[in-house]
Amino acid sequence: MDGGPFWDPRVTANIHAAGALVWRPSPKDPRVVEIAVVHRPKYQDWSLPKGKLDPGETPVIAAAREVREETGLDCTLGRYLGHITYPIPGHRKLKRVDYWAAQVAGGEFSANSEVDVLTWQPLDRVMDQLSYPMDRQVVRAFTRLPARTSTLLLIRHAKAGRRDRFDGPDDLRPLDRPGQAQARALVPNMLAFGASEIHSADPVRCLQTMQPLADKLGAPIVREPLLSEIGYAAAPDAARERIVSLVSERAVRVVCSQGKVIPDLLAWWAEKDGLTLQPARNRKGSAWVLSFVNGRLVAADHLDRSLSTDVVKS
């Protein structure tokens, strides 16, 4: 697992947490970015919202939940900002906290048992407000790219059993039980990134991977034959042009494709836009969170089938 700018291969954490750098355009001047800093009375410190994962929870879901619980704000996750790892005083334990950028989408702060004050700090003052150097590292990662990015979620279909055990055309091979569970598990994770529209290659296993999300959103699944293995092999340039056209500033689109499409497509995209990709297994049921600025791919964050995080930065 490649954890981004704060990753240390010698360190293994045994306590896992997640949080977010919550930002908004200033109400006084939309060109100014403000960051939420919270005061925790238990520790008498100022920090970014974060908290431990609940049993069975992914870092993505935990980050969104912790922001909501500590701040009362609903946020849309964006690009991954890396993680920090540090020892717990008085214990032989290490804690890892994964962070995402998160734009405010609604809600309102009210004091609670964990946080009694929330302040909005402009970027030129936030460093002085934070109590810990580790939080300042997260802010520095955030400032390496513009605050506002567009997101495209690229999914490899979930498990569908072995091809040689299915008696019928391969495009009709359905998800098996583990695959159905993977498809359901994708839903809350994709919603945390603001998923709003769904596109899919036309094999049944791709469409079925997207069906739980479509049911949750009440949204149609737009079929994308060019993004199937057959369609991509026959017309790769047209397929690439099509997926580039799906990048949107107004919507977060989810695109489901296949294992012989995604690696080649991402390699082409990264080379075109000057991004270096780290190796990823691209397993069934895994996802890429792709971030764009003015249509250019600037970050590619990989969520594997257990939806832990591998990350690549521009």
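The values are calculated or read from the model by the stated rules, or taken from the named source; none is laboratory data. All figures in this text were calculated on a predicted structure; none of them were measured in a lab. Note that we place each Cβ from the backbone using ideal geometry, even for glycine, and neighbour counts take in every protein chain shown.
Quick check: is even one residue across region 147-154 part of a loop (DSSP other than H, G, I, E, B), closer than 25 Å to residue 253 by Cα and of a type in the set (Gly, Ala, Ser)?
Of all residues in region 147-154, those part of a loop (DSSP other than H, G, I, E, B) come to 147-149.
Subsequent filtering for residues that are closer than 25 Å to residue 253 by Cα retains 147-149.
Then drop every residue that is not of a type in the set (Gly, Ala, Ser), which leaves 147.
Yes: region 147-154 contains one or more residues that are part of a loop (DSSP other than H, G, I, E, B), closer than 25 Å to residue 253 by Cα and of a type in the set (Gly, Ala, Ser).
Residues being within 20 Å of residue 72 (Cβ to Cβ) and part of a strand (DSSP E or B): count how many of those fall in region 116-143.
Of the residues in that region, 5 qualify.
So residue 133 passes all but one of these: (1) surrounded by 13 or more Cβ atoms within 10 Å (Cβ to Cβ); (2) within 25 Å of residue 43 (Cα to Cα). Which condition number does it fail?
Every condition holds for residue 133 apart from (1).
Looking at 158, 147, 101, can you tell me which residue is among the hydrophobic types (A, V, I, L, M, F, W, C) and either over 17 Å from residue 19 (Cα atoms) or in contact with a Ser or Thr (Cβ under 6 Å, 6 or more places away or on another chain) (or both)?
After ruling out the rest, the residue left standing is 158.
Going by the structure shown, is residue 202 over 20 Å from residue 151 (Cα atoms), among the charged types (D, E, K, R) and assigned to a helix (DSSP H, G or I)?
No; evaluated as a whole, the condition is false for this residue.
Residues 22, 32: which one is of a type in the set (A, V, I, L, M, F, W, C), modelled with pLDDT of 95 or more and surrounded by fewer than 23 Cβ atoms within 10 Å (Cβ to Cβ)?
32
Taking only region 231-252 into account, find how many residues are over 23 Å from the mean Cα position of the chain (by Cα) and touching a residue at least 12 places away in the same chain (Cβ under 8 Å).
6
For region 95-127, give me each residue that is exposed (fewer than 15 other Cβ atoms within 10 Å of the Cβ), more than 16 Å from residue 33 (Cβ to Cβ) and either touching a residue at least 24 places away in the same chain (Cβ under 8 Å) or not hydroxyl-bearing (Ser, Thr, Tyr) (or both).
Across region 95-127, the qualifying residues are 106, 107, 108, 110, 111, 112, 116, 117.
Given the options 265, 297, 246, name the one that is over 22 Å from residue 171 (Cβ atoms), buried (at least 17 other Cβ atoms within 10 Å of the Cβ) and not charged (D, E, K, R).
297
Could you grab me the full set of residues in region 166-206 that are aromatic (Phe, Trp, Tyr) and modelled with pLDDT of 95 or more?
If the condition is that a residue be aromatic (Phe, Trp, Tyr) and modelled with pLDDT of 95 or more, then 193 is the only one that fits.
So is residue 308 modelled with pLDDT under 95, surrounded by fewer than 20 Cβ atoms within 10 Å (Cβ to Cβ) and among the polar types (S, T, N, Q) or not?
So residue 308 fits the description; yes.
Starting from region 258-277, keep only residues that are on the phi < 0 side of the Ramachandran plot, then list their pairs with residues that are acidic (Asp, Glu) whose Cβ atoms are within a distance under 8 Å, requiring at least 6 positions of separation or different chains.
258/229; 259/229; 260/229; 261/229
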